[in-house]
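Scroll down for the structure; my scribbles are underneath it.
The values are calculated or read from the model by the stated rules, or taken from the named source; none is laboratory data. If you're wondering where the values come from, they're calculated on a predicted model, not measured in any experiment. Note: ideal-geometry Cβ built from the backbone for every residue, glycine included; neighbour counts use all protein chains shown.
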Amino acid sequence: MAWLVIRARSDRGVERSIRETMGHLNLTRVNHAVIIPENDTYAGMLQKVKDYVTWGQVSADSIATLLRERGRLIGDKPVDDAAISASTDHGDIASFAAAIASGDATMKDAADLKRVFRLHPPRGSKGWGGLKRAYTVGGALGHRGAAIEDLAARMM
C-alpha cells in the first residue's frame with residue numbers, strides 16, 4: 001500500500017528536527033504532496049510531523065489521476081504514458097499507479113519523474129477545515145484514511 005502525504009502548515013517557528021523530517025519527506029512547501037510506501041520507517045516520520053501534514057491510504061485510480069494532472073518530469077514537462085514506459089518497466093501510467101498502490105514500485109523507479117506534486121489550496125467552502133486541529137476533531141491535520149482522496153481531488 002501507499003500513503004499520500006500533503007503538507008498543510010508552514011514550518012515557521014518549528015523545531016529543527018521536525019523541519020528536517022519534512023525535508024526528508026520532500027515536503028518543503030505548503031500544499032506539496034508526495035506518495036510514500038507504507039512501512040514502519042515512514043510511519044515514524046509521519047508521527048513526528050503529524051501537526052503539520054495530513055495523510056492517508058491512496059488507491060491506484062487516485063495515483064493515476066495525480067500523475068496525469070499534477071505530475072511533472074524534469075524540465076517541468078507533463079507526465080504521459082510514453083515517459084513512464086521509457087523510464088520504467090510499466091507500459092502506461094495506469095499500470096505504474098497500480099504497482100505503486102500495491103507496493104511493488106515506488107515513485108523513485110521513474111528516473112525523470114519529480115517526486116513532489118504541487119497542488120492548489122483546497123477548493124470549496126470548507127477549505128482546510130482548521131489548520132490547528134486533528135482531522136478526527138474536525139480539523140485538517142493527521143491521519144485521514146481514505147478521506148485523503150477527497151482532499152486531493154479538491155486540490156487538483
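With 61, 76 as the choices, which residue is at positive phi and without any contact (Cβ under 8 Å) to a residue 40 or more places away in the chain? 76 is the lone residue from the list that is at positive phi and without any contact (Cβ under 8 Å) to a residue 40 or more places away in the chain.
Here's the yes/no breakdown for (1) in contact (Cβ under 8 Å) with a residue 60 or more places away in the chain; (2) out of contact with any Ser or Thr (no Cβ under 6 Å at 6 or more places or on another chain):
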residue: 13; (1), (2): no, yes
residue: 40; (1), (2): no, yes
residue: 49; (1), (2): no, no
residue: 56; (1), (2): yes, yes
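If you go through the stretch 137-156 and keep only what is in a loop (DSSP other than H, G, I, E, B), over 12 Å from residue 3 (Cβ atoms) and not hydrophobic (A, V, I, L, M, F, W, C), you end up with 138, 139. Is it true that residue 68 is surrounded by fewer than 20 Cβ atoms within 10 Å (Cβ to Cβ) and over 16 Å from the mean Cα position of the chain (by Cα)? The answer is no for residue 68.
The single condition among (1) more than 18 Å from residue 27 (Cβ to Cβ); (2) touching a Phe, Trp or Tyr at 6+ places or on another chain (Cβ under 9 Å); (3) part of a loop (DSSP other than H, G, I, E, B) that residue 124 does not meet is (2). Can you tell me which residue within the stretch 133-153, out of those that are surrounded by fewer than 16 Cβ atoms within 10 Å (Cβ to Cβ) and out of contact with any strand residue (DSSP E or B) (no Cβ under 8 Å at 6 or more places or on another chain), is farthest from residue 32 (Cα to Cα)? Within the stretch 133-153, the match that is farthest from residue 32 (Cα to Cα) is 137.
Yes/no per residue for (1) in contact with a Gly (Cβ under 6 Å, 6 or more places away or on another chain); (2) surrounded by fewer than 14 Cβ atoms within 10 Å (Cβ to Cβ); (3) within 21 Å of residue 128 (Cα to Cα); (4) modelled with pLDDT of 95 or more:
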site	(1), (2), (3), (4)
5	no, no, yes, yes
14	no, no, yes, no
73	no, no, no, no
79	yes, no, no, no
84	no, no, no, no
95	no, no, no, no
101	no, no, no, no
106	no, no, no, no
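Of all the numbered requirements in (1) crowded, with 17+ Cβ neighbours inside 10 Å; (2) touching a Gly at 6+ places or on another chain (Cβ under 7 Å), residue 37 misses one, and that requirement is (1). Picking from 127, 91, which residue would you name as being modelled with pLDDT under 90, surrounded by fewer than 15 Cβ atoms within 10 Å (Cβ to Cβ) and within 23 Å of residue 154 (Cα to Cα)? Going through 127, 91 in turn, just one is modelled with pLDDT under 90, surrounded by fewer than 15 Cβ atoms within 10 Å (Cβ to Cβ) and within 23 Å of residue 154 (Cα to Cα): 127.
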